[in-house]
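Novice: The structure follows.
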Amino acid sequence: MGAQPIADNLFTDENMTALVGARNKQTGHIFFPLPLTPNDDIEPIALATRGTVWTYTVQRFPPKTPYAGPADPMNFKPYVVAYVSLPGQTMVESRLTGLEPEDVKIGMEVELTAIPLDPDAPADEQVMIHAFQPV
Amino acid sequence: MSDVCIVGAGIHPFGRTEGRDGMDQGVYAVRQALADTGIEWEDIEFAFGGSAASGAADTMVSKLGLTGIQFINVSNGCATGGSALNAAASAIKSGEYEMGMAVGFDKHPRGAFNADPAAYGLPNWYGEAGYMLTTQFFGAKIMRYLHENNLSTETLGRVSEKAFRNGAKTDHAWRRSEVDLETIMNAPMISDPLNKYMFCSPAEGAVALILASEKKAKELGGPMIRLKTSVMRTRPPGSFEVFAASIDNERGGTATELAAKAAFEQAGMGPEDIDVAQLQDTEAGAEIMHMAENGFCPHGDQEKWLIEGRTEINGALPVNTDGGCLACGEPIGASGLRQVYENVVQLRGTAGERQVPGDPKTAYTQVYGAPGVSAVTILQR
C-alpha cells in the first residue's frame, strides 16, 4: 500500500509533485481545490510549487472532529497554517513544515511538499497532506 | 415614506443561563420590550425574527399569544438580527404596518463552533487535515492586517482590556470583571496572534426591539429614536472570508465597506457625525479592522487611537460601550440586535455607569460574519 494522499484530486500525481487547482475557462480565475461537483466551465490545472507566505496563524489547540490527525491534548503539537501566494495563480491555504512557529515570516519563500497527517502512524498506513517548507 | 422609530427594547442577559432555552430567552426579551414600550403583545402587528441554533422564531407565538400576526423567520448567518431589523424597518417604511418587532435569540454549546466542510462546499480532507476552524481564519486575517499596517499585537490587547472594562459596567454582559493588559498579553495563545482573552465565545442571549412609524411613536410619547438607516451587504470580489481553501492574489474590498458607505449615504451623514459606535468584535482584531472599514479612522491609526483612549466611553468616539462580543459573548441570532439595543440605551441616556457623556445624538452599529455579510444601522435622537 504505502503512504497515500488524503484525497484524490488533491495532488496531480502519486508522487504528489503539485497541487491541483481549478481554472475557470471563461474568466481565467484560478482557485483551489477543484470543486466537488464537475462543471463544464472549470478545468484542472497544476498549481505552482513555489510561492511566498502571505499570512499565517498557528493552531495551538487540538481541533475537534472532523479533524483526523493526532488530537491528544497531552501530546498535541501546534501546527502552522498559512496562505501561500503562488505568482499569477492564487493563494493556497496550507500547513507550513520544517520550521517552528516563531520562525515564520510573512514574505518568506516556500515550496510544496507532502507530510503525514499523523507522523506516528505506521509508514504503510500514512495519510499524506500538502504542506509548504522553507526554500 | 414614514420615518421608522425604535420605541421599545428588551434584552435577556447574555452569557449562560442554565435551564432556560434560547427560545424562552427570546420570549423574555420580547416581554421586556413590550413593557418598555408600554404596550401589549396584541398591539404588535408583525414580527421578523431568527436564531441560528434555537429553533424557528415564529413558534414563540405559542408563548406570547395566538394573535394571528405575520411572523417571518430570518436565517442570515451572523447578520440574522440585522436582517430581521432591516426587514421590520422596510415593512413600516412601506406604510403597510404601524408597529412591529424584530427579535433574535440563541443558545450555543460551549467551545468554538463546529463546522461541516460539505456545508461550505469543501471536500472532507479540508476538515480532516485541520483547517475547519474559524479561529484560524481570524488569526490569519489579523496577522496580515497588523503586518500591512504596522500595528503591534499589544493593539489587540488594548481592545480586549477596554471590552472587559466596559463589560464590568454592563448589566447584560457576560464577562463582568476587568482584566489588565499584562494579564491579557500573557494569556495562552489560541491562534496567533490571538490569545484566549482576544476571542469572544459562543454564548446565549436574546434581544427584541419594537419598531413603529413616526406617527405611532409620537402617540406613544417616548423619546424619538429614529432608525435613519439599516443596510445589509454581502461580500465583493477579493474579500477574505472564513473557510477559504484559497483566496485571490488580487485583494478586494469588504462587505463592511459596502454597508458602511451605503448607510452613510442613506443617512446623509459621515463618520465624523457619529457619537457612539458598536462594531463587530468577534475577536479583538475585528474591532481594529472595523474601525477603519467603517470609515472612523485611517488604516494604521488604530493603535494611536487606542493608546489615546479615543474609543473609551469618555473618548471622542466610544466603541463597544457594553463590552461588545468580547464581554457579552456571541449568540449569533441576537448579537447584531444587542448592538442596536445598547445604542437605544445610550441615546436615551439611561446607560448608568457606562453612559457616554455629552448627550449623544447619533449611534452606529455594524455586525459582520460568515460567509461575508455585514449589516449597519444608524440611529438618531
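The values are calculated or read from the model by the stated rules, or taken from the named source; none is laboratory data. None of the values given here were measured: they were computed from a predicted structure. Neighbour counts run over all protein chains shown; Cβ positions are idealised from the backbone, glycine included.
Novice: Which residue out of B:LEU34, B:LEU133 is over 19 Å from B:GLY333 (Cα atoms) and within 14 Å of chain A (Cβ to nearest Cβ)?
Specialist: Every option except B:LEU133 fails the conditions.
Novice: In the list B:THR350, B:THR365, B:THR321, which residue meets the criterion of being closer than 28 Å to B:GLY22 by Cβ and surrounded by fewer than 23 Cβ atoms within 10 Å (Cβ to Cβ)?
Specialist: B:THR350 is the lone residue from the list that is closer than 28 Å to B:GLY22 by Cβ and surrounded by fewer than 23 Cβ atoms within 10 Å (Cβ to Cβ).
Novice: Tell me which residues, restricted to segment B:142-157, are more than 7 Å from chain A (Cβ to nearest Cβ) and part of a helix (DSSP H, G or I). Lay out the reasoning, then the answer.
Specialist: Within segment B:142-157, the first condition is being more than 7 Å from chain A (Cβ to nearest Cβ), and the residues that meet it are B:142, B:145-146, B:148-157.
The answer is B:ILE142, B:TYR145, B:LEU146, B:GLU148, B:ASN149, B:GLU154, B:THR155, B:LEU156, B:GLY157.
Novice: Which number in (1) at pLDDT below 95; (2) in a helix (DSSP H, G or I); (3) not hydroxyl-bearing (Ser, Thr, Tyr) marks the one condition that B:PRO371 misses?
Specialist: (2)
Novice: Another question about this same structure. Here are the criteria: (1) more than 12 Å from the chain's Cα centre (by Cα); (2) at the interface with another protein chain (Cβ under 10 Å from one of its Cβ atoms). Tell me which single one A:GLY98 does not satisfy.
Specialist: Here A:GLY98 meets the rest and fails (2).
Novice: Of the residues that sit in segment A:8-32 and are touching a residue at least 40 places away in the same chain (Cβ under 8 Å) and of a type in the set (Gly, Ala, Ser), which one is surrounded by the most Cβ atoms within 10 Å (Cβ to Cβ)?
Specialist: Of everything passing the filter in segment A:8-32, A:GLY21 is surrounded by the most Cβ atoms within 10 Å (Cβ to Cβ).
Novice: Looking at B:GLU330, B:GLU287, B:GLU308, B:GLU303, can you tell me which residue is surrounded by 24 or more Cβ atoms within 10 Å (Cβ to Cβ), acidic (Asp, Glu) and modelled with pLDDT of 95 or more?
Specialist: B:GLU287
A quick yes/no check of all residues on (1) at pLDDT 95 or above; (2) among the hydrophobic types (A, V, I, L, M, F, W, C); (3) in contact with an Asp or Glu (Cβ under 9 Å, 6 or more places away or on another chain):
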site: A:TRP54; (1), (2), (3): yes, yes, no
site: A:VAL58; (1), (2), (3): yes, yes, yes
site: A:ALA71; (1), (2), (3): no, yes, no
site: A:TYR79; (1), (2), (3): yes, no, no
site: A:PRO87; (1), (2), (3): yes, no, no
site: A:GLU100; (1), (2), (3): yes, no, no
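Novice: Give segment A:102-126 a look and list any residue that's within 27 Å of B:ASN124 (Cα to Cα) and more than 13 Å from the chain's Cα centre (by Cα), or say none.
Specialist: Let us first name the residues in segment A:102-126 that are within 27 Å of B:ASN124 (Cα to Cα), namely A:110-126.
Passing the criteria: A:ASP118, A:PRO119, A:ASP120, A:ALA121, A:PRO122, A:ALA123, A:ASP124, A:GLU125, A:GLN126.
Novice: Sticking with this structure for a sec: Here are the criteria: (1) in a loop (DSSP other than H, G, I, E, B); (2) more than 23 Å from B:TYR28 (Cβ to Cβ); (3) not acidic (Asp, Glu). Tell me which single one B:GLN366 does not satisfy.
Specialist: Single failed check for B:GLN366: (1).
Novice: For segment B:1-18, how many residues meet the condition of being under 14 Å from B:ALA203 (Cα atoms), surrounded by fewer than 21 Cβ atoms within 10 Å (Cβ to Cβ) and not hydroxyl-bearing (Ser, Thr, Tyr)?
Specialist: 4
Novice: Also: Assuming A:ALA7 fulfils every condition listed in (1) closer than 22 Å to B:SER191 by Cβ; (2) out of contact with any Leu (no Cβ under 9 Å at 6 or more places or on another chain); (3) within 9 Å of another protein chain (Cβ to nearest Cβ) apart from one, which condition is it?
Specialist: That leaves (1) as the condition not met.
Novice: Which one of these does B:LYS169 not meet: (1) among the charged types (D, E, K, R); (2) crowded, with 19+ Cβ neighbours inside 10 Å; (3) within 14 Å of chain A (Cβ to nearest Cβ)?
Specialist: Only one criterion is unmet by B:LYS169, namely (3).
Novice: Moving to a separate point now. Quick check on A:MET91: is it out of contact with any Ser or Thr (no Cβ under 8 Å at 6 or more places or on another chain), within 11 Å of chain B (Cβ to nearest Cβ) and farther than 23 Å from B:ALA187 by Cα?
Specialist: For A:MET91, the condition - out of contact with any Ser or Thr (no Cβ under 8 Å at 6 or more places or on another chain), within 11 Å of chain B (Cβ to nearest Cβ) and farther than 23 Å from B:ALA187 by Cα - is not met.
Novice: Report yes if B:GLY167 is more than 19 Å from the chain's Cα centre (by Cα) and either on the phi > 0 side of the Ramachandran plot or not hydroxyl-bearing (Ser, Thr, Tyr) (or both), otherwise no.
Specialist: Taking the combined requirement at face value, the residue does not satisfy it.
Novice: For segment B:69-94, how many residues are in a helix (DSSP H, G or I) and either surrounded by fewer than 17 Cβ atoms within 10 Å (Cβ to Cβ) or on the phi > 0 side of the Ramachandran plot (or both)?
Specialist: Of the residues in that region, 2 qualify.
Novice: In this structure, does A:GLY107 turn out to be at positive phi and modelled with pLDDT of 95 or more? Break it down stepwise before answering.
Specialist: On the way: at positive phi: yes; modelled with pLDDT of 95 or more: yes.
Criteria met by A:GLY107.
Novice: Determine, yes or no, whether B:THR377 is surrounded by fewer than 24 Cβ atoms within 10 Å (Cβ to Cβ), outside any helix (DSSP H, G or I) and not small (Gly, Ala, Ser).
Specialist: no
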